[in-house]
Amino acid sequence: MASREGAIARAGAYFDEGTFKEDLARLVAFETESQNPDQKPELRRYLDEAMLPWLTELGFTCRIFDNPDPRGGPLLVGERIEDPAFETVLTYGHGDVIRAQSDQWRAGLAPFTVVEEGDRLYGRGTADNKGQHLINIAALAHVLAERGSLGFNVKVLIEMSEETGSAGLAAFCAAERELLSADVLIASDGPRLQPDTPTMFMGSRGGVNFDLIVNFREGAHHSGNWGGLLADPATVLAHAIASIVDARGQIQIPEWRPTSLTPDIRAALRDLPILSEEGSGPRIDEDWGEEELSPAERVFGWNSFAVLAMKSGVPEAPVNAISGWAKAHCQLRYVVGTDTDDILPALRRHLDAHGFQMVEITPADRVFFRATRLDPSDPWVTFVATSLEESAGKAPHILPNLAGSLPNDTFSEILGLPTVWVPHSYRGCSQHAPNEHVVKATCREALSLMAGLFWDIGARKPA
Ligand SMILES: [Zn+2]
């Protein structure tokens, strides 16, 4: 007799028998560094050799598309339609990884080989994102094996350019709306809040990067002969920045303060655990950021401004001269309730109003993600949370949005879907750094959570 427990037991056996590790090693071995132009053929090979045969075996009809943007890699769409009257789940993953950084991994580890050590599996892409879409597709396979059918339709979208800003993804989805039409997006990327508690998030913060430049004159001038006569661009830039945020990082531009931290969102954030824990990054600074807000509200419910890099003169070899220029590379991470299209115009108005007309704003030319968020009271959120709780035996952490950024706007805005993300990694996973890894216990639990969830979707009676 097919059962929910049966599907979860299959997922557990898949992990315990070592097949998950073998499959993960096979995916990690593709050197899919999208930031490295030499590896472009690997992007296609991942779809052709790793994804397409597996999905085809599971009954998906697959097509691989060239990216409409020449900067982007190929995209795969697989469809498994059991009955057009059934609900359709779209899932997403990215098969590209960031640079290998081969020379920086510690002894005994190598980016494209999965190494098991204690409770961890190391390798580039284990967490971001190969391990995560592997878990989801494997969970579908186990439900299929147990039930003989899924009871719903699935579409899979795999892109190969997420780590370079998902070039072409939005244009592709806009052009293929019909092919990608669905009732919900359920996908996995990013970290859990704590490794041993399931997490859901329903959107992400957006980000805007720009340079602030003060360029007064050609060359530097002797600070004895000219000091007191020539304006110092570094001082002017520092004051301009100090007009944007105060000394504890509180944003001073009214248009940059989001309108979305409602009582509902505050309630959703209230019980989330404190963010710092042993081994998962630095201690947070309690007295940094918006004074009235809790740490969870600051990172998930508010905007933050940062100076990512700044320079004037030659810091490595200073001389007694007044520099001609100063420059800062800055970023605003923002949540919904911020007018994306007014972020840089509002900054211009603010700087002008404070006498900083001489500070130029140059937007960065890389693609960036817009902020998105699904209402935590959406029925899909409740449904997924109930399913995860049944499988895990405890309630998941529910974040209105991820603090980091994802191409979620493509799914929520362009495809118009409710979006629910169930991350399988944790914040100490060294994603985007050497020694990237996943925690075995988390992977095993994630396989059972997703098998339970896909079982439940097939059994549900949609309203
Ligand atoms: Zn990444």
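The values are calculated or read from the model by the stated rules, or taken from the named source; none is laboratory data. Bear in mind that the values here come from a model prediction, so they are computed numbers and not experimental data. Cβ coordinates were reconstructed from backbone atoms using ideal geometry, including for glycine residues, and neighbour counts include every protein chain displayed. Keep in mind that these areas ignore ligands, DNA and RNA; they rest on the heavy atoms of the full protein, side chains included. Shrake-Rupley method; radii C 1.70, N 1.55, O 1.52, S 1.80 Å.
For the stretch 153-160, state whether one or more residues are open to solvent by 10 Å² or more (accessible area, probe 1.4 Å), touching a residue at least 24 places away in the same chain (Cβ under 8 Å), within 16 Å of the ligand (Cβ to nearest atom) and part of a strand (DSSP E or B).
No.
Among the numbered conditions (1) over 15 Å from residue 400 (Cα atoms); (2) in contact with a Ser or Thr (Cβ under 9 Å, 6 or more places away or on another chain); (3) away from the ligand (no atom under 16 Å from the Cβ), tell me where residue 171 comes up short.
(2)
Identify, please: which residue in the stretch 83-100 is open to solvent by 50 Å² or more (accessible area, probe 1.4 Å) and touching a strand residue (DSSP E or B) at 6+ places or on another chain (Cβ under 6 Å) and is, among those, nearest to residue 33 (Cα to Cα)?
From the stretch 83-100, those open to solvent by 50 Å² or more (accessible area, probe 1.4 Å) are 83-86, 99; that's our starting set.
Next cut, touching a strand residue (DSSP E or B) at 6+ places or on another chain (Cβ under 6 Å) only: 86, 99.
Numbers: 86: 37, 99: 5 Å.
My answer is 99.
Give me the helices (runs of 4 or more DSSP H) completely within the stretch 198-308, filtered to those with at least 3 residues that are within 28 Å of residue 187 (Cα to Cα), ordered by residue number.
Ranges flagged: 263-270, 295-300.
So residue 361 fits all but one of (1) in contact with a Lys or Arg (Cβ under 8 Å, 6 or more places away or on another chain); (2) in a loop (DSSP other than H, G, I, E, B); what number is the exception?
Going through (1) in contact with a Lys or Arg (Cβ under 8 Å, 6 or more places away or on another chain); (2) in a loop (DSSP other than H, G, I, E, B) one by one, residue 361 breaks only (2).
Among the residues of the stretch 376-392, what is the count of those that are part of a loop (DSSP other than H, G, I, E, B) and surrounded by 15 or more Cβ atoms within 10 Å (Cβ to Cβ)?
Result for the stretch 376-392: 2.
For the condition out of contact with any strand residue (DSSP E or B) (no Cβ under 7 Å at 6 or more places or on another chain) and either touching a residue at least 60 places away in the same chain (Cβ under 8 Å) or surrounded by fewer than 16 Cβ atoms within 10 Å (Cβ to Cβ) (or both), what is the one hit in 187, 175? I'd like the intermediate steps shown before the answer.
On the way: 187 fails: out of contact with any strand residue (DSSP E or B) (no Cβ under 7 Å at 6 or more places or on another chain).
175 is the lone residue from the list that is out of contact with any strand residue (DSSP E or B) (no Cβ under 7 Å at 6 or more places or on another chain) and either touching a residue at least 60 places away in the same chain (Cβ under 8 Å) or surrounded by fewer than 16 Cβ atoms within 10 Å (Cβ to Cβ) (or both).
Let me confirm something: among 145, 138, which residue is open to solvent by less than 10 Å² (accessible area, probe 1.4 Å), within 22 Å of residue 52 (Cβ to Cβ) and of a type in the set (A, V, I, L, M, F, W, C)?
It is 138.
Do we find that residue 127 is open to solvent by less than 20 Å² (accessible area, probe 1.4 Å), in contact with a Cys (Cβ under 7 Å, 6 or more places away or on another chain) and within 16 Å of the ligand (Cβ to nearest atom) in this structure? Steps first, please.
Working: open to solvent by less than 20 Å² (accessible area, probe 1.4 Å): yes; in contact with a Cys (Cβ under 7 Å, 6 or more places away or on another chain): yes; within 16 Å of the ligand (Cβ to nearest atom): yes.
Answer is yes for this residue.
When the residues of the stretch 85-104 are narrowed to those that are within 13 Å of the ligand (Cβ to nearest atom) and within 21 Å of residue 157 (Cα to Cα), which ends up modelled with the lowest pLDDT?
Looking at residues that are within 13 Å of the ligand (Cβ to nearest atom) and within 21 Å of residue 157 (Cα to Cα), I get 98.
Across the stretch 178-192, what is the total count of residues that are within 16 Å of the ligand (Cβ to nearest atom) and under 14 Å from residue 450 (Cβ atoms)?
4
Restricting attention to the stretch 393-412, report how many residues are open to solvent by 30 Å² or more (accessible area, probe 1.4 Å) and out of contact with any strand residue (DSSP E or B) (no Cβ under 8 Å at 6 or more places or on another chain).
Final tally of qualifying residues: 2.
Looking only at the stretch 441-453, count every residue that is open to solvent by less than 20 Å² (accessible area, probe 1.4 Å), in contact with a helix residue (DSSP H, G or I) (Cβ under 8 Å, 6 or more places away or on another chain) and under 17 Å from residue 194 (Cβ atoms) and tell me the total.
Within the stretch 441-453, residues that are open to solvent by less than 20 Å² (accessible area, probe 1.4 Å), in contact with a helix residue (DSSP H, G or I) (Cβ under 8 Å, 6 or more places away or on another chain) and under 17 Å from residue 194 (Cβ atoms) number 3.
Within the stretch 393-440, count every residue that is away from the ligand (no atom under 16 Å from the Cβ) and either touching a helix residue (DSSP H, G or I) at 6+ places or on another chain (Cβ under 7 Å) or in contact (Cβ under 8 Å) with a residue 40 or more places away in the chain (or both).
Qualifying residue count, the stretch 393-440: 21.
Have a look at 37, 70, 53 and point out the one that is modelled with pLDDT of 95 or more, open to solvent by 50 Å² or more (accessible area, probe 1.4 Å) and not hydrophobic (A, V, I, L, M, F, W, C).
The unique qualifying residue is 53.
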